[in-house]
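Down below is the structure, laid out as structure tokens.
Every number here is computed from the coordinates shown, using simple stated rules; none is lab data. This one's a predicted model, so the numbers in the text were calculated from it and none came from an experiment. Note that we place each Cβ from the backbone using ideal geometry, even for glycine, and neighbour counts take in every protein chain shown.
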Amino acid sequence: MTIISGKIIRQPVSVILLMVFSVWNVPSGGAQSDTPAQLIASVQWKCSPTPPDALGPFYKPGAPRRRQVGSGYSLIGIVVSAASCEPIPYSKIEIWMADRDGEYRDAYRATIKTGRSAAYQFQSDFPSGYYGRPPHIHMRVSAKGFRTLVTQHYPEDGQTQGVFDLVLVPEQ
């Protein structure tokens with residue numbers, strides 16, 4: 001499903017992949033002195049890597065395995081490789097977010113393990129904004145053979161559903 005102007009349009013995952021992913025035209029090559037971020041940026045990926053975002057001070061490992069921490073907002077997506085655009089099965093997605101009062105609590109933490117399809121679904125209350133920050137959901141994604149990604153999903157006000165595909169960079 002895709003959200004366009006607040007309307008939800010249901011589509012197969014393959015169509016979502018074609019719509020969401022774009023080719024990243026960055027010159028290839030890199031010197032030995034390049035930082036890891038510069039080396040990642042210098043590769044011509046088939047799928048654009050998901051941009052990293054701040055871990056923030058509230059990350060806490062060991063969240064329980066669950067797909068729901070509230071109701072009213074549904075987030076779906078798939079975990080894929082930037083090198084091939086192929087799904088990465090059995091990925092681990094750690095999620096944490098503020099509750100309706102803008103506080104981080106254990107009740108709003110979750111760990112999701114994707115299956116063979118590499119797709120995930122997460123249910124929550126609509127994320128809270130706080131201290132001038134927009135509503136957001138923190139995510140830490142890991143998979144064997146790939147760099148761990150820390151990112152955030154920012155839903156638009158009034159949305160009840162969102163699509164956030166997670167594109168990981170292979171380890172070098």
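Would you please give the residues with an amide H less than 5 Å from that of residue 77, counting only those at least 5 places away or on a separate chain, with H modeled from the backbone geometry?
HN-HN under 5 Å from residue 77: 120, 164.
Exposure proxy check: 80, 169 ranked by fewest other beta carbons within 10 Å? Don't skip to the end; give the middle numbers.
Values: 80 23, 169 20.
With the sparsest Cβ surroundings first, the list reads 169, 80.
Which far-off residues, 5 or more places away or on another chain, put their amide H under 5 Å from the one on residue 98, with H placed in the peptide plane?
128
Residue farthest toward the positive end of the dipole of the stretch 67-126, with Cβ of Lys/Arg at +1 and Asp/Glu at -1: which of 102, 115, 82?
Result: 115, furthest along the dipole toward the positive end.
In what sequence do 53, 165 fall when counting other Cβ within 10 Å, fewest first? All intermediate terms of the calculation are to be shown ahead of the outcome.
Working: 53 15, 165 20.
The most exposed by this proxy come first: 53, 165.
Give me the number: length gained by fully extending residue 160 to residue 67, i.e. 0.36 nm times residue separation minus the C-alpha to C-alpha distance, one decimal in nm. Spell out each step's value before the answer.
Details: separation 93, 0.36 × 93 = 33.48 nm, distance 1.59 nm.
Full extension from residue 160 to residue 67 adds 31.9 nm.
By the gyration tensor of its Cα atoms, with a ≥ b ≥ c the square roots of the eigenvalues, what is the shape of the stretch 49-168: rounded for a/c under 1.5, prolate for a/b over b/c, or oblate?
Numbers: a/c = 1.63, a/b = 1.60, b/c = 1.02.
Note, shape of the stretch 49-168 comes out prolate.
Treating cross-link reach as a plain straight distance, find the aspartates and glutamates whose alpha-carbon is under 15 Å from the alpha-carbon of residue 92, omitting any fewer than eight places away in the same chain.
Qualifying aspartates and glutamates at Cα under 15 Å: 165.
Could you line up 108, 73, 131 from fewest to most neighbouring Cβ atoms inside 10 Å? It would help to have the intermediate numbers written out before the result.
On the way: 108 23, 73 19, 131 6.
So the residues, fewest neighbours to most, are 131, 73, 108.
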